[in-house]
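Peer 1: This is the structure I want to talk about, given as structure tokens.
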């Protein structure tokens with residue numbers, strides 16, 4: 001369960017968002033500048049709200065009234081960016097292992113093999129990121145995030161930098177993650193077609209405000 005009820009002033013822009021989601025994939029939908037990335041950065045702990053509460057799995061990670069702010073590194077959240085952000089000097093295997101080692105988690109060979117199979121990246125393990133396609137890099141970034149054993153996975157426009165062919169390549173893997181990985185996700189996109197395929201609940205943002213919340217039906221012009 002994810003509960004967000006926050007306000008954040010960013011220059012002249014005010015983000016004020018409130019929703020509670022128990023969906024496997026919560027889609028944050030809105031035009032560029034609607035506040036989507038700022039909102040997931042607050043969930044991640046990278047930004048502190050000026051006021052309000054963030055709860056993840058029943059744990060309060062932000063509560064301005066009580067002075068609570070759990071730092072990002074303690075939130076057990078995986079974050080996948082649009083540009084993958086792999087380490088170019090490390091192999092795919094080393095990139096995959098980075099999050100686990102940074103979080104001082106024991107090696108879990110069964111989980112590693114499961115994630116590698118789930119994302120179909122077994123043939124890439126000895127390569128460096130510079131030798132991968134955009135879609136392959138994103139699959140490795142997803143694997144790295146999952147191997148850190150997050151309780152929530154944030155994806156900020158993960159297909160935004162890919163052409164249509166690469167998007168069609170990686171979408172099935174995202175659907176598999178939704179159905180098989182058992183990790184709830186918050187998925188940021190301005191592409192309604194993407195979210196119709198992937199999301200189970202939608203938070204629609206416009207100019208920093210939640211204008212609709214519900215199933216994927218809210219993406220239709222009439223909301224039905």
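FYI, it's all coordinate maths here, none of it is from the lab. Every value quoted in this text rests on a predicted model; they were computed, and no experiment measured them. Glycine gets a Cβ as well: all are built from the backbone with ideal geometry, and neighbour counts include every protein chain shown.
Peer 1: How high is the FRET efficiency from residue 131 to residue 196, r the C-beta distance, R0 25 Å, rounded to 0.05?
Peer 2: Given R0 = 25 Å and the Cβ-Cβ separation, E is 0.15.
Peer 1: Using R₀ = 30 Å, calculate the FRET efficiency as 1/(1 + (r/R₀)^6) where r is the Cβ-Cβ separation of residue 10 and residue 211; round to 0.05.
Peer 2: Calculated transfer efficiency: 0.95.
Peer 1: Let me ask something else about it. How long is the gain from residue 64 to residue 108 if the chain were fully straight, where each residue apart is worth 0.36 nm and the alpha carbon distance is subtracted?
Peer 2: Length gained, residue 64 through residue 108: 12.2 nm.
Peer 1: Sticking with this structure for a sec: Using alpha carbons only, how many degrees (0 to 90, rounded to 10) separate the axis of helix 92-102 from the longest principal axis of the chain?
Peer 2: 50
Peer 1: What are the radius of gyration and Dmax of the range 94-167, computed over its Cα atoms and given in Å?
Peer 2: Taking only Cα atoms of the range 94-167, I get Rg and Dmax of 12.5, 38 Å.
Peer 1: Using helices alone, what [θ] at 222 nm do you get for the chain, with -39,500 (n - 2.57) per DSSP H run of 4 or more residues, divided over all residues and rounded to the nearest 500?
Peer 2: Estimated from H runs of four or more residues: -8500 deg cm²/dmol.
Peer 1: Also: If you average the C-alpha positions of the range 132-194 and of the range 55-70 separately, how far apart do those two centres end up, in angstrom?
Peer 2: 27
Peer 1: In degrees between 0 and 90, to the nearest 10, how far off the longest principal axis of the chain does helix 134-147 point, with axes built from Cα atoms?
Peer 2: 80
Peer 1: Let me ask something additional. Given the options 106, 71, 158, state which has the largest fluctuation in a GNM of the chain using a 10 Å cut-off (strictly under) for Cα springs.
Peer 2: Highest fluctuation among the options: 106.
Peer 1: With angles folded into 0 to 90 degrees, how steeply does helix 164-176 sit against the dominant principal axis of the chain? Use alpha carbons for both and round to 10.
Peer 2: Helix 164-176 sits roughly 80 degrees off the main axis of the chain.
Peer 1: With each label point set 7 Å from Cα along the Cα-Cβ vector, what nm distance links residue 176 and residue 22?
Peer 2: 3.0
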